[in-house]
Amino acid sequence: VEIDPVAELYLFAAARAQVVARVILPALQAGETVICDRYVDSSVAYQGYGLGIDPAQVWAINRWATRGLVPDLTLLFDCAPEVARRRHARPTDRIEGRDDAFHRRVRDGYLELARTHADRYVVIDAQQPPERVAEAVRAAVRQRLGAALDHRKAGGTGEAGRGRGAG
């Protein structure tokens, strides 16, 4: 049974609200660095751009669900949908099994988010060899969060950048 796009949006927002309340906020309050896969931008890209729900509505729902927490750093591993599909060694799930047009809209949405929020985004060419992708990740983390992480090691306040973690 196909899930209605609005229902899918709310299901992801509900799951995200639970993770923020029970995992992310307590970790940030304890001074920890949080690394999270598939945060709000994923819903904006997938349910917004991919499924055609107004991205502003997706933002509003998720801003409420996450209590306004926004990552200090967002890494976008950019790869053409055709290349990503060829790389899948496992069977696709309901979302990854959607057609190429859907995945092109999602990619375009992510790239638009990266342009709109360039202050927190680093786009990494995920079509390059894995060791180059890994080095790009290390460089982005050092450049964007290095000072905040060094401050924490020295006994600082525990806030990474603006104190909101990485997504």
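With a ≥ b ≥ c the root eigenvalues of the C-alpha gyration tensor of the range 23-103, is it rounded (a/c under 1.5), prolate (a/b larger than b/c) or oblate? Oblate shape, in that a/c is at least 1.5 and b/c is the bigger or equal ratio.
In terms of packing, defined here as the mean over residues of other Cβ atoms within 10 angstrom, the peptides 108-117, 67-76 line up highest first as 67-76, 108-117.
Peptides 31-42, 4-15 ranked from most to least packed give 31-42, 4-15, packing being the mean of other C-beta atoms within 10 angstrom over each peptide's residues.
Readers should treat all values here as calculations from the given coordinates under stated rules, not as data from a laboratory. Note that the structure is a prediction, hence the values are computed from the model and not measured. Using ideal geometry, Cβ is built from the backbone for each residue, glycine included, and neighbour counts are taken over all protein chains shown.
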